[in-house]
Structures are given as structure tokens and as C-alpha cells.
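Asker: Handing you a structure now.
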Amino acid sequence: MKNLISILVFCLSASQAQAQFFNIDSFKTRYWELGWVASDALVGAFSADLAIGIADNQAIGLRTTLTQDYFNNDYRNFYLGSNYIYRGGIFHKIYFPSRRNRNVTLRHGPSFSLNEYYAQKEEWIEFNRFGNTQYRWGSVEFEDRNIQLGYEVIVGLQQNFNSIFFIEYYAGIRYLELVSTNSSNYSVGELKGANEYRDGYLFDLYPSNTTIVVGFVLGFQKQP
């Protein structure tokens with residue numbers, strides 16, 4: 001949790017410094033943007049981005065994503081799969097015009113994830129036979145809901161078309177830390193230990209609770 005607080009303080013300080021360094025009154029911004037995160041479609045997710053301008057080159061926004069986490073191996077020794085993964089967050093977005101109809105963007109803000117995973121365990125199962133209570137040993141399916149909180153920082157390149165459509169390519173990092181579970185089988189500490197199973201050279205380049213975010217957004221915009 002100390003890492004999360006440090007990242008939060010750093011990002012907030014950086015955004016304030018950028019706002020002071022750049023003359024925000026000289027830029028134009030979108031009054032609103034509504035986008036579809038097309039890259040999420042490749043993993044079976046439904047996503048949307050909404051950004052509303054609050055200053056000449058700044059906006060606040062909301063991101064939502066609903067998916068099933070087929071490609072997340074963090075819990076592979078604990079669960080068989082997921083019923084749903086809901087991710088969301090709010091963000092502060094800054095636009096830095098690079099040329100006509102094109103902006104470099106910086107987006108940062110808190111994020112969260114609500115996950116429902118399922119698995120099976122072996123235990124005694126109670127049943128009734130001929131009016132008598134009996135037990136048999138068998139498999140029982142259970143579901144756990146886990147909550148993660150974190151922060152993300154994303155840099156993008158946004159191209160605008162006729163002041164109506166836009167496409168934005170982006171890349172960044174997201175930090176998420178497990179903070180709660182309703183599981184009666186695993187503790188928060190045990191589930192956090194799932195990150196120890198990450199392997200490969202790429203995973204050694206950044207902290208275990210951090211993931212690389214890459215994608216692009218297609219959407220509509222309305223300028224003032």
C-alpha cells in the first residue's frame with residue numbers, strides 16, 4: 001500500500017507542475033469525448049471512455065470495462081476462471097497540441113477492479129435420503145469476489161477528424177493492489193502471493209502489481 005500512496009503523490013505533483021509550466025489558456029479542448037476502447041474487443045471486453053472538458057486543455061473522465069479475465073494468470077493456482085471482471089476509474093486528462101488536429105495526451109487517475117472468480121473444492125456434502133441426513137465426499141463450486149484499488153498513468157496520441165471523430169493510440173502503466181476479498185477459502189495475503197507465479201523476462205521489468213496498458217480508442221467528440 002505504501003507503493004500505491006507514493007505513486008499517487010508523485011502523479012498528482014507531476015500534473016500540477018505541468019499545468020503551471022504550460023499556458024492552458026492558449027489551447028483548445030473538447031467539450032466532451034465519448035469513445036469505445038477498440039483494443040479491448042480483442043479480449044472480449046466491453047469498454048467506454050467519457051471525458052468532459054473543464055479547462056482549455058484539460059478534462060476529467062470516466063472509464064468502464066466489463067470482461068472475463070481469460071488471460072490473467074495471477075490466480076491460476078487458486079481459481080478455474082472468472083464470471084466477470086469489472087474495471088473502472090476516473091482520470092484527469094491533459095492535451096498538448098503537436099500539430100493541427102493532433103494532440104499528445106497525458107491521462108492519470110485512480111482505478112479499481114471488481115472480480116468474481118470461480119473454483120471447486122473437495123468437502124463433505126450433506127444430502128437427504130429416505131428421510132435420513134447423509135454425507136458424501138465430492139466437489140463443490142464456490143465464487144469469490146475480490147476488490148483491487150490502484151492508479152494508472154497513460155500517454156496517448158490523439159488524431160481528430162472534422163471535429164467530430166477521433167482516434168487515440170495510448171500506452172502506459174496501471175498499478176492495482178488487492179485490498180479486499182469475501183473468500184472463506186483464501187486470505188488477502190494468500191491471493192496477493194499469486195503474483196509470485198509470474199514468469200518471463202518481460203515481467204521482471206516492472207513490479208508484480210503493475211501491468212502495461214496498450215490500446216486505442218475510437219469515438220465521437222463535440223468541441224465548444
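Asker: Which of the residues spanning segment 53-63 are surrounded by 15 or more Cβ atoms within 10 Å (Cβ to Cβ) and in a strand (DSSP E or B)?
Answerer: Matches in segment 53-63: G53, Q58, A59, I60, G61, R63.
Asker: Would it be correct to say that R145 is in contact with a Leu (Cβ under 9 Å, 6 or more places away or on another chain) and either within 30 Å of I94 (Cβ to Cβ) or surrounded by 12 or more Cβ atoms within 10 Å (Cβ to Cβ) (or both)?
Answerer: yes
Asker: Still on this model: Within segment 81-105, work out how many residues are of a type in the set (S, T, N, Q) and touching a Pro at 6+ places or on another chain (Cβ under 7 Å).
Answerer: 1
Asker: Here's something else I'd like to know. Condition (residue is on the phi < 0 side of the Ramachandran plot and within 20 Å of the chain's Cα centre (by Cα)) applied to segment 119-136: is it met by at least one residue?
Answerer: no
Asker: While we're on this one: I'm trying to understand the selection: among the residues of segment 17-68, which are among the charged types (D, E, K, R) and modelled with pLDDT of 70 or more?
Answerer: Answer for segment 17-68, where residues must be among the charged types (D, E, K, R) and modelled with pLDDT of 70 or more: E33, D40, D49, D56, R63.
Asker: Among the residues of segment 141-163, which ones are farther than 23 Å from S113 by Cα and assigned to a strand (DSSP E or B)?
Answerer: Selection gives L157, Q158, Q159, N160, F161.
Asker: Here's a follow-up. Go over the candidates N77, N128 one by one and state the one that is in contact with a helix residue (DSSP H, G or I) (Cβ under 8 Å, 6 or more places away or on another chain), farther than 30 Å from N162 by Cβ and either touching a residue at least 60 places away in the same chain (Cβ under 8 Å) or surrounded by fewer than 18 Cβ atoms within 10 Å (Cβ to Cβ) (or both).
Answerer: Among N77, N128, only N77 is in contact with a helix residue (DSSP H, G or I) (Cβ under 8 Å, 6 or more places away or on another chain), farther than 30 Å from N162 by Cβ and either touching a residue at least 60 places away in the same chain (Cβ under 8 Å) or surrounded by fewer than 18 Cβ atoms within 10 Å (Cβ to Cβ) (or both).
Asker: Can you tell me how many residues in segment 114-138 are in a strand (DSSP E or B) and farther than 30 Å from V179 by Cβ?
Answerer: Summing the residues that are in a strand (DSSP E or B) and farther than 30 Å from V179 by Cβ in segment 114-138 gives 13.
Asker: Take G109 and tell me if it is of a type in the set (G, A, S), part of a strand (DSSP E or B) and within 29 Å of G219 (Cα to Cα).
Answerer: Spelling it out, G109 is indeed of a type in the set (G, A, S), part of a strand (DSSP E or B) and within 29 Å of G219 (Cα to Cα).
Asker: Then there's this: Take the residues in segment 97-121 that are charged (D, E, K, R) and in contact with a Phe, Trp or Tyr (Cβ under 7 Å, 6 or more places away or on another chain); name whichever of them is surrounded by the most Cβ atoms within 10 Å (Cβ to Cβ).
Answerer: R107
Asker: Does S184 qualify as being assigned to a loop (DSSP other than H, G, I, E, B) and either surrounded by fewer than 18 Cβ atoms within 10 Å (Cβ to Cβ) or among the aromatic types (F, W, Y) (or both)?
Answerer: Taking the combined requirement at face value, the residue satisfies it.
The values are calculated or read from the model by the stated rules, or taken from the named source; none is laboratory data. For clarity, every value in this text was computed on a predicted model and none was experimentally measured. Quick reminder, even Gly has a Cβ in these numbers, built from the backbone with ideal geometry, and neighbours come from all protein chains shown.
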